[in-house]
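Quick notes on the structure that follows.
The values are calculated or read from the model by the stated rules, or taken from the named source; none is laboratory data. Here the structure is a predicted model, which means the values were calculated and not measured. Positions of Cβ are generated from backbone atoms using ideal geometry, with glycine treated the same way; all protein chains shown enter the neighbour counts. With ligands, DNA and RNA removed, areas are computed over all heavy atoms of the protein, side chains included. Shrake-Rupley method; radii C 1.70, N 1.55, O 1.52, S 1.80 Å.
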4 protein chains.
Amino acid sequence: MSKNPLFSLAYKSERTQITLPNCTIGGDELVVIAGPCAIESEEQLMKSGEITSQAGAKILRGGAYKPRTSPYAFQGLEVEGLKIMKAAGEKFGMSTVCEVTSEKALYDAIEYVDIIQIGARNMQNFELLKAVGKTDKVVILKRGLSATIDEWLNASEYILSGGNMNVILCERGIRTYETATRNTLDLSAIPVIRSKSHLPIVVDPSHATGKRDYIEDLAKASVAVGADALMIEVHPNPDEALSDGPQSLDKEDFQKLMDNIRPIAEAVGRKL
Amino acid sequence: MSKNPLFSLAYKSERTQITLPNCTIGGDELVVIAGPCAIESEEQLMKSGEITSQAGAKILRGGAYKPRTSPYAFQGLEVEGLKIMKAAGEKFGMSTVCEVTSEKALYDAIEYVDIIQIGARNMQNFELLKAVGKTDKVVILKRGLSATIDEWLNASEYILSGGNMNVILCERGIRTYETATRNTLDLSAIPVIRSKSHLPIVVDPSHATGKRDYIEDLAKASVAVGADALMIEVHPNPDEALSDGPQSLDKEDFQKLMDNIRPIAEAVGRKL
Amino acid sequence: MSKNPLFSLAYKSERTQITLPNCTIGGDELVVIAGPCAIESEEQLMKSGEITSQAGAKILRGGAYKPRTSPYAFQGLEVEGLKIMKAAGEKFGMSTVCEVTSEKALYDAIEYVDIIQIGARNMQNFELLKAVGKTDKVVILKRGLSATIDEWLNASEYILSGGNMNVILCERGIRTYETATRNTLDLSAIPVIRSKSHLPIVVDPSHATGKRDYIEDLAKASVAVGADALMIEVHPNPDEALSDGPQSLDKEDFQKLMDNIRPIAEAVGRKL
Amino acid sequence: MSKNPLFSLAYKSERTQITLPNCTIGGDELVVIAGPCAIESEEQLMKSGEITSQAGAKILRGGAYKPRTSPYAFQGLEVEGLKIMKAAGEKFGMSTVCEVTSEKALYDAIEYVDIIQIGARNMQNFELLKAVGKTDKVVILKRGLSATIDEWLNASEYILSGGNMNVILCERGIRTYETATRNTLDLSAIPVIRSKSHLPIVVDPSHATGKRDYIEDLAKASVAVGADALMIEVHPNPDEALSDGPQSLDKEDFQKLMDNIRPIAEAVGRKL
């Protein structure tokens, strides 16, 4: 057992940087991760890769395994989706990320994508975290729906203690009584995490607000508060999205967001 | 796809009763599930079975796989614990329940215990729910830390839609801002569930309050509000418990609780 | 300054009993407070007094000053309402309670009713609490929408420290993320308060749930958990109520509630 | 009754600007309000005015009436404090703001300060809001501890409907389960409010976080997200503050905050 947790600044005072083929998360660069909620078809993901890479996103996202509240909702293309993701990443020179929801999905995804994601609902699926810890894959660990920052950091420790130090945290909003937004984006979490941990932090304003109109403003705030990366939902045709259409940006809105966060990034010493 | 969800009264208007060798959950009987948070040793669990069965509990509980916030905390005896549970159940004529935290644990536990439990942290571990749905094992599905009642019922649908109709719901407190108790026991959930679903409901006042002194009063309230069963943490020696000692009752307190809930059970037409 | 707060068991170990002309709150008696959300007319309140007194309620409630989210909603009959309340109380031999929302309303209400109520939104209106503390009027202090138990007890101290020891606390649900009920009734608060304070406690399941169908079950739970009194919304014609109709019981439902809580009251040693 | 509420963009599409002698809130200017939690003495407030005005703050804040959880905590200098505030404002050419907690305090404060503030605990003290509505004083209306945005806007309507259109809203954090910060700053509220209302918005990161180390980062985020003004706690000697010392900045930290928010203000087209 470690006296100081592996996530802590007491264990490692230097900030962790995660180097991917085309970008580094945790350094001077502000990295943008973008793409649709779910991979729906090759055409849809290729179009998404085109839109997001042209605007400056470095990492393509899209779900192949979708954890849905109802078992009757679209559950994702699974391995077929992973293959499409790999092809899209290669075509547009982007790194790729897909969420995994089980050990089986994890072992499949490792073959196809650069980064795996553990979603909010699985933040305390400790068996899955242990399995991720035994790989050396870069992983984005989303904060649980109502996880405390302390529980979140301890969840990261399940991965780190297995030997995998390539962990990125992702704030995506917490559950509160307020209904004007889908969740309440907790931007205080970024300085709190920075005061406790060396791990890099992504902010996902799309899932947090659930409404297209609020995303750009909160993306600006996320950059200003010190996020290392942003995760933004982009869909070639939001009105036809199989999931999360109301929080997806189209090509024009995403381009505008990228243009408008650039001055903020520069103001806090980040390159976009 | 079913128009009316399988959990709903619209699909099945008659209340579901779950019949175990020594008791039935969901009928006239008020069933008490009791035992320690974690199985620590054969001696500890045998003593727990003796105490709880003598006082009238019908189902012995105890964790063999413990989902703990920190990876460095005691994680459970695993299969060794399941074997001890099976032996204790047989010795004291009790049914048995253990939580499972992965598919592997599920397949192990099926061999040894009468009921498997999905804990709050795994309520939306949909892959695990699907795996449970493919068995015919009785399952207690705990409400997530901050799950809505709607999400909880939809999680049960992941099990039901696989063909396993032996689902029992368990209210165990939700996360709120109040810190006087570990969680806030949401007893309104019982009439809400009854108005929507035919599934039986257990209440766990031990995890909800986290404090020994409040458990008996909330057990009384749980019976009065219409719970089909109670889940109570009992330990032969709470001060030496490896986990959750502060919320565990000893032999005398558990006997007193059983004596004091009996008149309430009778007042609402239940046999204890 | 007092070392031990006046609300604490350390200051006064004997439970406080509040004696009214026709009942005592805090002793063996289970007292029921009932009536409409708002006093709408003499006819409506007289009918309410008839219904509730016949079924065994001892205290008539009804709002003359209504704190409403919107300034354009019905704000109450004010002094005219207080006069109607006084007449109704006398006619049916009931004690009476009205909420006050300002010092002016307080001084008016003192002349007409037996008990004044401080609502959830004014729990930390400290100037109003201080004014109440300078009177000797019995006061029901409702818990704030998201007040901790500690803040609530400290709010009572603002009244007690002025010299008015006639304080009754009222749990009415707290704000959480769950939307199946209007608020989340926190019945754990009753044993928590009992472990800290000598003050009597009322539970209001009507405001907590906001839905008629859940009130009786939660009234039973409230009695079982140890409430000294219940506050129940009753309206002669809920469908025509100017406010809170969906959570109001009619004559038949209220009579049934009274019949069904009686065995629970007896089971916990209370007279109804 | 108004069909469209007075706070709404449907009623008034042009953004409201509040003009004070030395600054305008709601226009191109980013206005900073700064000063101690409580006015403790003439010396302390004069020093605060010196520090904050030198660094560029335009409005001096400080409490003369302090709503405290316990009646035994320091309650403020009242009228004596208001007089000190007036003198400090004049000396340093700053506008001034003090919280009022009762109608009496309101009528006193109107004589001495430029802006009155309604605190979180009084957001739904409707009688006080109505009294404010009958004046033409500029008022900052803080969001309630767990008020929805809808309730907050409706509270503003109590003031607006009395004829006083000089209302500024202030986000100061909401109550959630997270304990790493005192409250959870809800920066999503700023774009939500902007999409519904023409009223200007202040953000108070000091009360929201409760911890000095997080304030600058959240001030940056507040500016980036579109706040019209910031409210920052500054004390000449935080370690000796009678209240809220842990969240107060000293001279150096405040100067650094002002320097570091300037580039963000420029990036979003604001002058500081």
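Quick notes
- Each part reduced to its alpha carbon centroid, the range B:31-85 and the range D:163-229 end up 47 Å apart.
- Once the C-beta distance of C:ASN260 and D:ASP136 is scaled by a Förster radius of 45 Å, the resulting FRET efficiency is 0.20 to the nearest 0.05.
- For the range D:154-272, the C-alpha radius of gyration divided by 2.2 N^0.38 Å, with N the number of residues, is 1.12.
- The residues A:SER95, B:SER161, sorted by heavy-atom accessible surface at 1.4 Å with ligands and nucleic acids left out, run B:SER161, A:SER95 from largest to smallest.
- 5 angstrom amide H check on B:GLU99, placed H, neighbours 5+ away: B:GLY62, B:ALA64, B:TYR65, B:GLN117
- Copy-to-copy label separations for B:ASP239, where each label sits 7 Å from Cα toward Cβ, in nm and ascending: 4.2, 6.4, 7.1
- Partner shielding of B:96-104 amounts to 2, given as the average count of beta-carbon atoms from other chains within 10 Å of each residue beta-carbon.
- Plainly put, the range A:109-178 has a radius of gyration that is 0.98 times its Kirkwood radius, both from alpha-carbon atoms, as the Rg/Rh ratio.
- Think of a 1.4 Å ball rolled over the protein heavy atoms: the protein assembly as shown then has 33 Å² of accessible area per residue.
- Per residue convex hull volume, Cα atoms of the range C:222-272, in Å³: 74
- Average partner coverage of C:187-198, which counts Cβ from other chains inside 10 Å: 6
- Accessible-area loss of 30 Å² or more (1.4 Å probe, protein heavy atoms, chain alone versus all protein chains) is found in the range C:222-255 for C:ALA224, C:VAL225.
- Convex hull of the range C:79-215 built on C-alpha atoms - directionally averaged projected area, nm²: 8.8
- Amide H within-cut-off set for C:ILE232, under 5 Å, with H built and near neighbours excluded: C:ILE33, C:ALA34, C:GLY35
- The A-D contact accounts for approximately 2600 Å² of buried accessible area, totalled over both chains at a 1.4 Å probe radius.
- Other protein chain Cβ atoms within 10 Å, averaged over every residue that makes up B:166-177: 4
- Working note: Debye formula, equal point scatterers on the alpha-carbon atoms of chain B, no solvent; log10 I(q)/I(0) at q = 0.12, 0.13, 0.14, 0.15 Å⁻¹ is -0.65, -0.78, -0.92, -1.08.
- Vicinal HN-Hα couplings computed from phi for the range B:248-263 (Karplus, 6.51 cos²θ - 1.76 cosθ + 1.60; Hz; Gly/Pro x): 9, 8, 8, 3, 5, 5, 5, 4, 5, 4, 4, 4, 7, 7, 4, x
- Working from label points 7 Å from Cα in the Cα-to-Cβ sense, the B:ASP250 to C:SER195 distance is 1.7 nm.
- Rounded percent of accessible protein surface that carbon and sulfur make up, the protein assembly as shown, 1.4 Å probe: 45
- Shown for the range C:117-139: residues covered by the partner protein chains by 50 Å² or more of accessible area relative to the chain by itself (probe radius 1.4 Å), namely C:ARG121, C:GLN124, C:PHE126, C:GLU127.
- Computed log10 I(q)/I(0) for the protein assembly as shown at 0.08 Å⁻¹: -0.88, from the Debye equation with unit scatterers placed on every C-alpha and solvent omitted.
- Approximating the spin labels as points 7 Å out from Cα along Cα→Cβ, the A:THR24-to-C:TYR107 distance works out to 7.2 nm.
- GNM remark for chain A: springs join alpha carbons under 10 Å apart, and the peak mean-square fluctuation among A:SER53, A:SER197, A:SER13 falls on A:SER13.
- Positive minus negative residues near D:LYS271 (Lys, Arg vs Asp, Glu; Cβ under 9 Å): -2
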